[in-house]
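No lab work stands behind these numbers, since they all come straight from the coordinates. These numbers were taken from a predicted model, which means no experiment stands behind them. Ideal geometry is used to build each Cβ from the backbone, glycine not excepted, and the neighbour counts take in all protein chains shown.
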Amino acid sequence: MLAQINKNGSKYSVTYERHLTHPVANVWAMFTDNSKLQQWFDELHVEDLRQGGTILFDMGDGTYEEMKITELDHQAVLEFDWDKDRVRFHFMEEDNGCELTLIETINELTEHTPKDLAGWHVCLDVIEALLDGTDYGPREKSWKKWYEKYKEALE
């Protein structure tokens with residue numbers, strides 16, 4: 001299911017919602033335990049897990065972009081800067097698992113925006129597969145499909 005895209009004044013809000021049949025603690029660990037984080041987003045590394053702390057993004061050229069953690073509530077909220085934008089993950093315990101919500105606040109749409117949106121979509125699918133113990137398989141074909149859909153949605 002495509003993320004919900006809303007325009008709020010001059011900004012955009014993109015919301016992904018996923019129900020995962022796993023406890024919040026397990027889902028939270030996918031974002032905060034570097035060994036688990038590397039399985040679905042190997043460019044990210046939690047450097048200092050606290051509000052005001054940092055997450056590093058490996059630029060692939062020997063440099064790292066520092067992203068500030070703007071909000072942290074253990075097993076409930078993880079929010080951090082994403083270049084000029086912001087991403088917020090909300091984890092809510094449910095009877096049979098966890099409701100995971102990702103909200104990206106985008107200040108300006110660019111030609112790269114649908115690529116990012118497709119990337120987050122696939123990342124969430126990969127997280128679910130990892131938690132379920134299944135193999136997601138190659139990401140490229142799925143990413144291309146979602147990229148086209150997000151590109152169309154933003155036009």
Cross-chain or 6+ apart pairs with Cβ under 7 Å, region 51-72 first and farther than 17 Å from residue 84 by Cβ, then β-branched (Val, Ile, Thr) and outside any loop (DSSP other than H, G, I, E, B): 51/69; 52/69; 53/69; 71/77
Which of the residues spanning region 22-67 are acidic (Asp, Glu) and over 14 Å from the mean Cα position of the chain (by Cα)? 33, 47, 48, 58, 61, 65, 66
Checking the conditions here, which among 21, 110 is exposed (fewer than 14 other Cβ atoms within 10 Å of the Cβ), within 24 Å of residue 130 (Cβ to Cβ) and of a type in the set (Val, Ile, Thr)? 21
Report, ordered by the first and then the second residue, all pairs with beta carbons closer than 7 Å, sequence separation of six or more or different chains, a first member in region 126-141 that is free of Cβ contacts under 8 Å to residues at least 40 places away in the same chain and surrounded by 10 or more Cβ atoms within 10 Å (Cβ to Cβ), and a second member that is part of a helix (DSSP H, G or I) and charged (D, E, K, R). 136/125
Farther than 24 Å from residue 49 by Cβ, aliphatic (A, V, I, L, M) and out of contact with any Gly (no Cβ under 7 Å at 6 or more places or on another chain), is that true of residue 109? yes
3 or more residues among the hydrophobic types (A, V, I, L, M, F, W, C), over 24 Å from residue 138 (Cβ atoms) and in contact with a Phe, Trp or Tyr (Cβ under 7 Å, 6 or more places away or on another chain): qualifying strands (runs of 3 or more DSSP E) within region 11-104: 85-94
